[in-house]
Amino acid sequence: MTRVLIPTGALGLGYDRAALALGIAGRPDIIAVDGGSTDSGPSYLGRGVSKYSRASIKAEWRELMQARATAGVPLVIGTAGTCGADSAVEWLLDITREIAIEEGMQAKVATLRSGQPKARIKAAMANGRLRALSAAPEISDQIIDDCTNIVALAGTEQIAAALATGADIIIAGRTTDTAIIAALPITRGDHAGAAWHGAKVGECGALATTHPNSGVIQIDFDATGFTVEPMAPEASATPYTVSAHMLYENADPFILYEPGGHLDVTHAGYSALDTRRVRVEGSTWVPGRYTVKLEGARVVGHQAVGLAIIRDRRYVENIREWAADVKTKVTQKIIERMGLSSDQFTVELRLIGVDATLGGLENRKETLVEVGVLGILTCPTAEQASEAAKILNPYLLHHPLSEDEPMPTFAFPFSPAEMQRGELHEFCLNHVMELDDPMSAFVLEVHEVGHA
């Protein structure tokens with residue numbers, strides 16, 4: 001039997017510290033926590049940085065390092081620094097070194113880097129070892145060259161290799177959310193289908209319970225299945241909450257693809273052991289060709305934004321007409337005065353409080369008091385984006401609905417009114433790469449940190 005303690009759905013989100021203490025008292029075999037996601041878009045991978053504050057990460061990581069020392073078991077994090085780029089792994093390694101010195105700890109740390117050299121991706125494409133997933137964009141050598149970061153998602157084999165070093169702490173680059181949980185149970189001979197299924201249930205911590213924000217859950221894996229138990233006393237796992245998590249971020253509620261095969265839960269059975277625990281058996285692991293998913297991001301422009309607040313009733317009631325006219329005039333002026341062609345830039349006006357989220361799909365029609373107008377200018381360079389935003393500026397402040405009425409004055413909440421957003425990134429890889437050796441696309445290193 002293997003007991004995995006999962007403190008939270010992602011490092012930086014917080015967790016119930018009393019529940020964590022109960023989990024440590026339960027003598028886990030490993031502590032596993034996710035460090036990232038693509039939920040917040042491509043910028044973090046493109047820049048190779050974390051979206052969470054360093055202070056928050058350091059505070060929570062310190063507590064988990066202390067918990068690990070108390071339990072005397074490995075602590076593993078996957079997709080370090082939100083994006084899992086090599087720079088993010090180095091960032092968390094630096095934090096780990098700081099904490100070790102400050103706490104008087106000594107620890108052996110394994111780093112697993114997932115960054116991919118462009119030559120490797122090009123060679124895989126040329127040799128027919130790169131396969132596009134559904135709705136993947138077209139790629140070329142040029143697009144690969146344009147990527148600022150490319151990562152491969154590690155599976156259980158790479159995490160197992162890191163565990164085999166005897167490391168106290170494993171800082172992994174981009175991994176599948178499940179790999180860090182499933183690796184030790186699979187290595188120790190527990191049921192493979194149960195390991196992958198339980199890992200899927202546990203990837204977001206207590207999200208698969210009645211109290212998602214409590215964070216901490218414990219999963220016991222064995223030869224026939226797994227058992228889920230939340231650590232917060234007020235939380236419960238139920239057959240509904242556990243089975244429902246196969247729907248989370250997954251196109252098929254029964255099939256989950258991972259490196260080296262797929263999980264099939266078609267015949268899984270969920271039973272309540274009591275009011276808090278759920279037992280699951282019947283999951284199947286189906287081995288297949290060994291592939292790793294690739295993620296890449298590239299710069300596609302620079303952005304500047306401006307925000308105006310409109311409260312005049314006539315303008316609020318006719319805000320879509322007004323915004324359309326502003327967009328038309330600003331677009332034409334950028335073409336005439338900056339010499340850009342229409343396919344080199346975009347002008348967006350998002351109406352905050354009207355339909356900024358759904359646009360033309362919005363079906364709620366309610367009385368409006370004020371509207372925020374967010375202008376977004378995207379151009380090839382930062383200088384051009386700034387210039388375009390300044391062309392938009394007087395329209396956001398003074399543009400009238402018609403030529404025969406007084407010039408209005410709206411409100412800017414900031415000065416200067418235009419703000420640089422910097423580089424605009426996009427995801428440009430949604431492919432899998434075939435590997436003969438699971439470790440061939442990853443770099444494993446061991447470090448000693450803290451006081452000797």
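Couple of notes before you dig in:
- Residue within the range 330-352 that is farther than 23 Å from Gly301 by Cα, of a type outside the set (D, E, K, R) and touching a helix residue (DSSP H, G or I) at 6+ places or on another chain (Cβ under 6 Å) present: no
- Taken residue by residue, the range 175-183 has no member that is surrounded by fewer than 24 Cβ atoms within 10 Å (Cβ to Cβ) and either more than 17 Å from Tyr248 (Cα to Cα) or more than 20 Å from the chain's Cα centre (by Cα) (or both).
- Candidate set from the range 151-167 (those that are surrounded by fewer than 24 Cβ atoms within 10 Å (Cβ to Cβ) and in contact with a helix residue (DSSP H, G or I) (Cβ under 7 Å, 6 or more places away or on another chain)); member that is nearest to Val73 (Cα to Cα): Leu163
- Filter result (of a type in the set (Asp, Glu) and crowded, with 23+ Cβ neighbours inside 10 Å) within the range 71-109: none
- Scoring Pro287 on the criteria (1) within 24 Å of Ser440 (Cβ to Cβ); (2) open to solvent by less than 60 Å² (accessible area, probe 1.4 Å) leaves a single failure, condition (2).
- Pairs with Cβ under 8 Å, 6+ apart, first in the range 21-50 and free of Cβ contacts under 8 Å to residues at least 60 places away in the same chain, second in a helix (DSSP H, G or I) and open to solvent by 40 Å² or more (accessible area, probe 1.4 Å): Ile24/Thr70; Val49/Ser87; Val49/Trp91; Ser50/Tyr44; Ser50/Trp91
- As a summary of the residue check, Gly189 satisfies the conditions (1) in contact with a strand residue (DSSP E or B) (Cβ under 8 Å, 6 or more places away or on another chain); (2) closer than 30 Å to Arg113 by Cβ; (3) open to solvent by 10 Å² or more (accessible area, probe 1.4 Å) except for the one numbered (1).
- Counting residues in the range 52-59 that are touching a strand residue (DSSP E or B) at 6+ places or on another chain (Cβ under 9 Å) and open to solvent by less than 20 Å² (accessible area, probe 1.4 Å) gives one or more.
- Pair list, Cβ under 9 Å, 6 or more apart: the range 238-258 residue within 19 Å of Thr38 (Cα to Cα), other residue among the aromatic types (Phe, Trp, Tyr): Met246/Phe254; Leu256/Trp196; Glu258/Trp196; Glu258/Trp285
- When restricted to residues that are out of contact with any Gly (no Cβ under 9 Å at 6 or more places or on another chain), in a strand (DSSP E or B) and open to solvent by less than 10 Å² (accessible area, probe 1.4 Å), the range 297-330 contains 1.
- Filter result for Glu426 (closer than 25 Å to Asp39 by Cα and open to solvent by 40 Å² or more (accessible area, probe 1.4 Å)): yes
The values are calculated or read from the model by the stated rules, or taken from the named source; none is laboratory data. Remember, predicted model here, so these are calculated numbers, not experimental data. Positions of Cβ are generated from backbone atoms using ideal geometry, with glycine treated the same way; all protein chains shown enter the neighbour counts. Accessible surface is based on the protein model in full, side chains and every heavy atom, while ligands, DNA and RNA are left aside. Shrake-Rupley method; radii C 1.70, N 1.55, O 1.52, S 1.80 Å.
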